[in-house]
Structures are given as C-alpha cells and as structure tokens.
Amino acid sequence: MKKLNVGLIGYGFMGRTHSNAFRKVNQFFKLDYQPVLKAVCARNEEKVKAFAENWGWESYETDWRKLVERKDIDLIDIGSPNNTHKEITLAAAKAGKMILCEKPLSMNAKEGEQMTKAVEKAGVANMVWFNYRRVPAIALAKQLIDQGRLGRVFHYRAKYLQDWTISSDLPQGGAGLWRLDASVAGSGVTGDLLAHSIDTAIWLNGHIDTVTAMTETFIKERKHALTGKKQEVTIDDACAFLARFKNGTLATFESTRYARGRKNQNTFEINGEKASIAFDLEDPHRLSFFDHKDDALSRGWRSIHVTDFEHPYMDKWWVPGTTIGYEHTFINALADFLGGLGTKSPARPNFRDALDTQYVCDAVLKSAKTMKWEKVGVSKV
Ligand code: SOE
C-alpha cells in the first residue's frame, strides 16, 4: 500500500467525521492507498493538540500556510469554515497537493470558479465531501435511475429540515455557530443544507436550468459570540424554491432550521412514468420504490432494506440485515476517492461538480431578492 500523508485543517464537527474516515477506511476497503494522519491544523494550540492526541494525528500546526508548505504532506483536507475554503485551495493547489474540501465548495460561485480553475490547472486530485451520495440507499436510487427504471421523470421533491436555531437567545458567530454568520458561511440553509439536496438532485436527475425562490430570516438580530454585540442576522433561516431541470422535470426544494422536531431530515421523492422512488434520512437504510409494472393486485410501495451484499457499499461492512450510519458515509466517500486515484474515473463530486451546485445556490439567493425566475449559471472556466 502506498502511504498518503494527510494534513487536515479544522477540528470541528467535520474535522471529527473526516479523522474517523481516515483512520478506518483501510480496515474495511481494499485500497492501494493508506492515509497517514500526519498533521492537523487549527488556531487554538491547546485544543488542536488535544484533538491530535484524541484522533491519533502525528503532529499539529496552528497556521494553515505552514501545513500547506510542509513537504511531508500529500493531501490537504479542508474542514474549516466556508470563508477559508478559497484561500486554502489556491495555496494547496499551487503547492501541488491533492485536495478534499468540505461542502459547500465556496461562499459563492465566483469563488468556486477560481477554486475549480486552480485545481484543474494544477492537475491535482480533488473531491468535495457531499457525503449523502454515499448513503447506500441513495446510491441504490442512482443505480435504479441509471438502469432506466423510472422512465421519464416528471417530478423531483426535496426537503432538508432542522430545528436547532429556533431560540432567539442563540448567538451567531464563533466556533460551532459560524453557520449563522453570513460573512463566514456565505449563506444560511441554502449553502449549508440545500447544497446537499441540490448535489443529490443533480447527480440523480441532471442539470437544473431555472429557479424561483423565497427566503426568510425569522430572527432579525442575534448577539454575536465574538463581539458580544447584537447584530443583524443576514443568513437565510429558511428557503423554498421551484426549479425546472434541463430534462423537463418540475421540482420543489424546501429547507429550514425552524421545523420544530426535525433534527436532520433530508428527503426526496422522484416520480417517473414507470416508477417512483422516495428516501428519508430519518430512516436511512430504507429506499421506497413503487414499480407500476408489478402485477395490479400486489402492486404497492415497497420498502427496500438496503443492507444486502448486492447493495452499494454493503459488502464492505457487516452482514445482511445489519446497518451502517452517518459516519460510514464519510468512510465510503473517502474509499471512493482513494479507489479513484490514478484511474480514468476519479471519484465525484469533484470541484467542478460542486461548482454546479454553487451556481444553483447563487441563482436561488438571487431569485429570492429579485422575486423573478433566474437562470442557473454554467461554468465558462
Ligand atoms: C448543519 O447543522 C449540518 O451540520 C450541516 O453543516 C451538514 O452538512 C449536515 O450534513 C448536517 O447538518
């Protein structure tokens, strides 16, 4: 096995999911590459040292530029807040490092274009951690669609619901709460949650052409955790949009952090001429499937328990009937990335794919302002 020295930037929620994936991937997947947890980087020395010890990182840095310059690092993994993605990518690509980046790719499409250009010019392997593509049930949906089981697709319906920002006492900004600060996150639920739904939708059903959207910020002011002062909230707390896919499918997307009782519900339903498919992350190992060609008497929605060896990724885990969970989506994604290195089919979504999602997010946010249908951008880089 070839060693691949990894430098991780960021030790929050995503730093943990990625560290776990780097540690476990070779235990479950037969791969030519073995990640070595070389160094983790974050600004707070005490905390990054403790993180390194806990997860088995060999060393730590407190300045990401130093990490990027290190000769003993092959791959930079960006797990830090969204407003850092561009600068790190540009430096890492220039240094010839492979790059993994947490979603969303960037603060906006303009940044995403620069990043995509940089990694492609440098010719470095790259992938964005849209982990839900690696939920076995969602990967199974992709297989069924690619087999033509749905026929012409009429409708695509997606929801991504949470409830953790309902309290008006919750501050914005700082560790853990930077997702509420638009200057760090770029946007609210559009970039953070709908980006997942959009990535899945484009993967399953192709390019999105036009959108019309509405957004709302329910709590207008929050204390900023870093300044202690009340500041205007400029993220979108909720967003709903209509879309037309290039293939003619009509779609609805909805996301909010104000759906009391919904912690992380990510759903979609696709209605085709021959069959329909539905998925709900609250029941992650099941895929609902309705096939109109089944005999009329017994026809109905079936709930496929996606745990058999024949199902995507499941031959790598336990035995049929047993399940995997959230953390495994990151391990599966990393396995795909490592498995694709040096081959003609590197893992996706790469930066260019994630840029397509970014164009949809930008068009959605623009439409919410103009109150008009907006055309989704297409990359010219
Ligand atoms: C936000 O709460 C969040 O952690 C997102 O940032 C993740 O991408 C999503 O998978 C779970 O929710």
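No value in this document is a laboratory result; all are computed from the given coordinates. Model, not experiment: these values are computed from the prediction. Virtual Cβ from ideal backbone geometry, glycine too; neighbours counted across all protein chains shown.
Relative to the Cα centre, the charge distribution of the chain, modelled as +1 at Lys and Arg Cβ and -1 at Asp and Glu Cβ, gives a dipole magnitude of about 540 debye. Centroid-to-centroid, using Cα positions, region 22-71 and region 344-365 are 26 Å apart. Sorting Asp356, Asp32, Asp295 from the fewest to the most surrounding beta carbons within 10 angstrom yields Asp295, Asp32, Asp356.
Only DSSP H runs of four or more residues enter the estimate; each adds -39500 (n - 2.57), and after division by the residues of the chain the mean residue ellipticity at 222 nm equals -9500 deg cm²/dmol.
Of all beta bridges that DSSP places with both ends in the chain, some 60 percent have antiparallel geometry. Evaluated with a Cβ-only charge set (Lys, Arg +1; Asp, Glu -1), region 41-149 carries a dipole of roughly 420 debye about its Cα centre, given to the nearest 20.
Using R0 = 51 Å, the C-beta based FRET efficiency linking Glu232 and Leu341 works out to 0.70. In loop segments of region 279-367 as defined by DSSP, the GluC sites (Glu not before Pro) with at most 15 further C-beta atoms inside 10 Å of their C-beta are Glu282, Glu310. Taking label points 7 Å from Cα along the Cα-to-Cβ direction, Phe154 and Gln34 give a separation of 5.5 nm.
With the charge dipole of region 120-180 set up from +1 on Lys and Arg Cβ and -1 on Asp and Glu Cβ about the Cα centre, the Cα lying farthest toward the positive end among the listed residues Leu140, Gly123, Trp178 is that of Leu140. Applying the criteria of a DSSP loop state and at most 13 other Cβ atoms within 10 Å to the chymotrypsin sites (Phe, Trp or Tyr not before Pro) of region 287-344 yields Trp301, Phe309, Trp318.
The ranking of His305, His285, His196 by Cβ neighbour count inside 10 Å, starting from the fewest, reads His305, His285, His196. Fewest-first ordering of Leu150, Leu341 by other beta carbons within 10 Å of each residue's beta carbon gives Leu341, Leu150. The loop-placed trypsin sites (Lys or Arg not before Pro) in region 1-70, going by DSSP, that have at most 13 neighbouring Cβ atoms within 10 Å of their Cβ come out as Lys30, Arg43.
Note on Ala296 and Trp164: their simple-model spin labels are 5.0 nm apart, each label 7 Å out from Cα toward Cβ. Label reach from Glu269 (point 7 Å along Cα→C-beta): in region 128-159, amide nitrogens under 12 Å belong to 155-159.
Rounded, prolate or oblate: which fits the chain, taking a ≥ b ≥ c as square roots of the Cα gyration tensor eigenvalues, rounded meaning a/c under 1.5, else prolate when a/b beats b/c? Judged from the Cα gyration tensor, the chain comes out oblate (a/c at least 1.5, b/c at or above a/b).
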